[in-house]
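Each remark here refers to the structure printed beneath this line.
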Amino acid sequence: MNKEITVTCFDINNEGKGVVKFDSKIGFVDYLLPEEEAIIEVIYEKKDYFLGKIKKIIKPSKDRIEPPCHHFFECGGCSLMHLSYDKQLKFKQKKVKDCLERIGGLKDIKVEETVPMDHPFNYRNKIQVPIKSKNKEIVSGFYKEKSHDIVKIDKCYIEDKRASKILEDIRTLLKKYKINPYDEDRHTGLVRHVLIRTSHINDEIMVTLVLTEFLFPKLKDFIKDLRALNKDIKTVTININPRKTNVILGQQDRIITGKGYIEDDILGVKFRISPKSFYQVNPIQVEKLYSIALNNAFLSKDDTFLDAYSGIGTIGLIASKNVKFVTGIEIEPSAVKDAINNQRENKIDNAEFYQGDAGEFILEQAKHGINYSVVCMDPPRKGSDEKFLKTILKTKPNKVIYISCDPATLARDLKYLSQDYSINKVTPVDMFPHTFHVETVVGLYLKK
Ligand code: SAH
């Protein structure tokens, strides 16, 4: 049996785990909140830290709430549902502040209050779930942390309700049509994952079935049944992934019915979303995020605007009516294709989109004497890179707007940029309620 100890939590770390001290060793305890006293089991121990699991809470925090979701403590998809929403927002603000100080060495920077979501539930417009066979039942859900064991989820509180219903119908129909889920140990079976994307504005839903091979008996009937139960499904695609891999999507895609994409609307601009394109997962908060980003830029008709890491062109196309010209750069070819289509569909004639690495692109542009007055950068979690940041310092755009989904890499990059830029405003936005993730917008101005 593992050791049991009594501890008092004094902080919460960036992943939402309670931080404790015992015998001058630091420990991290899932779901323990600051000021709580609890008996915990030590489940893992190293020379300098240990991990613990709550056995009994002796003194609960006044901020602890009963999570509405009964899968919460085993699922791992959310990490803060036991903490009041107000305190979740405070946690995210502090997380950004801590990263700026610790990683970026950026002291005395004011971090605004986290922009909240009014009804922080059922926001996710994209779900991607594994399908498995468990005790002769077809189940979908989440993998338990660091395992291949699936946690069966019947109702998820953060995904779009329409997606939950479709998933339930898919499980029933797979059983009816006797289609086997993929078994990764034996490398047998057909259905690996289901991907569902919902449009916030339109009644449009896209379902993508990820299969090991294109051999689905009575596929047309299956889809007909599914669509009869869910009228909003406007398009169904198949993705083939035959490999033994953790990567969800394979290389080949086929449209089975509909256009192969859905459309959504952000701040009056229409966007086409195909299965592989990046699209922000919270359609309600995204309007706030982009508005804050663009307000930070105080755009004018003389501005030349670079939308770096542009995805399907969202930020650039929204900015286009307020600037002279927009250039977008994005590495994923299908997203660039979507961006160009979005530009045409919205009849925007002062924007263009290129495919390639953002750092190489601006370096190349700079060599040809092309500079931008405003650069908006929205890199993936790993942040930007030296090539990109170095060129920014060399070409000196007046304003840089940094949108980040990881405060740690944001802090690292801001440290670099702050050599020549002053940090004007740092605003965390709650794009992912109940998880420890936070999106941050930063406005940077060239030092005079
Ligand atoms: N601005 C968009 C997308 C942000 S996500 C939006 O708000 O929707 C980050 C994007 O960066 C992804 O589309 C990813 O494909 C792209 N990306 C990742 N590495 C890149 C690189 N080195 N150069 C250019 N784009 C990159």
Give, in whole angstrom and from largest to smallest, the semi-axes √(5λ) of the equivalent ellipsoid of the chain, with λ running over the eigenvalues of the Cα gyration tensor. 36, 34, 18
Keeping all protein chains in position, work out how much accessible area Tyr177 exposes to a 1.4 Å probe, and write it in Å² to the nearest 10. 50 Å²
Quickly estimate the mean residue ellipticity at 222 nm for the chain, helices only: each DSSP H run with n ≥ 4 gives -39500 (n - 2.57), and the total goes over all residues, rounded to 500. -8000 deg cm²/dmol
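Accessible area per residue, 1.4 Å probe, Å², for the range 4-64: what's the number?
With all protein chains present, the range 4-64 gives 57 Å² per residue.
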Given the options Asp264, Asp357, Asp149, which has the most mean-square fluctuation in a GNM of the chain, springs set between C-alpha atoms less than 10 angstrom apart? Asp149
Students sometimes get this wrong: rank Glu213, Glu101, Glu330 by accessible area, probe 1.4 Å, all chains present, largest first. Glu213, Glu101, Glu330
More than 18 angstrom separation, counting every C-alpha pair in the range 4-64; what % is that? 20 percent
Please compute the contact order of the chain in relative form: average sequence separation of alpha-carbon pairs under 8 Å and at least six residues apart, divided by the residue count, as a percent. 13 percent
Determine the share of the range 19-117's accessible area contributed by carbon and sulfur atoms, expressed in whole percent, with a 1.4 angstrom probe. 53 percent
Which three extents, in whole angstrom, do the alpha-carbon atoms of the range 403-448 cover along their principal axes, largest first? 41, 17, 9
Counting only residues 5 or more apart in sequence or on a different chain, those whose built amide H sits under 5 Å from that of Asp11 are Val19, Glu35
Calculate log10 I(q)/I(0) of the range 126-266 for q = 0.15 Å⁻¹, where I(q) comes from the Debye formula with a single equal point scatterer on each Cα and nothing for solvent. -0.72
Per residue and in cubic angstrom, what volume does the convex hull of the Cα atoms of the range 23-161 have? 178 Å³
The percentage of the accessible area of the range 126-266 (probe 1.4 Å, all protein chains present) made up of carbon and sulfur atoms, to the nearest whole number, is 50 percent
In debye, nearest 20: dipole of the chain around its Cα centre with unit charges on the Cβ of K, R (+) and D, E (-)? 560 debye
Sort 2-12, 180-190, 29-39 by the packing proxy (mean of other Cβ within 10 Å over each peptide's residues), most packed first. 29-39, 2-12, 180-190
Sequence-distant aspartates and glutamates (8 or more away, or on other chains) whose Cα lies within less than 19 Å of Lys132: Glu74, Glu145, Asp149, Asp154, Glu168, Asp169, Asp183, Glu184, Asp185, Glu213
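Pairs Lys25/Lys382; Lys3/Lys136; Lys92/Lys152: which exceed 32 Å Cα-Cα?
Lys3/Lys136
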How much area per residue is accessible in the range 111-157 when the probe is 1.4 Å and only protein heavy atoms are counted (Å²)? 58 Å²
Farthest towards the positive end of the dipole of the range 20-104, among Tyr49, Ser79, Phe91 and with Cβ unit charges of +1 on Lys and Arg and -1 on Asp and Glu, lies the Cα of Phe91
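Would you calculate the volume per residue, in Å³, of the smallest convex hull containing every Cα atom of the range 32-114?
Working: hull volume 12.0 nm³, N = 83.
Spread over its residues, the Cα hull of the range 32-114 gives 144 Å³ apiece.
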In Å³ and rounded to a whole number, note down the convex hull volume per residue for the Cα atoms of the range 224-331. 142 Å³
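The values are calculated or read from the model by the stated rules, or taken from the named source; none is laboratory data. Just so we're clear, the structure is a prediction, and the values are computed from it rather than from any experiment. Cβ sites come from the backbone with ideal geometry, for glycine too, and all protein chains shown count toward neighbours. The area values use the complete protein model at the heavy-atom level, side chains included, leaving out ligands, DNA and RNA. Shrake-Rupley method; radii C 1.70, N 1.55, O 1.52, S 1.80 Å.
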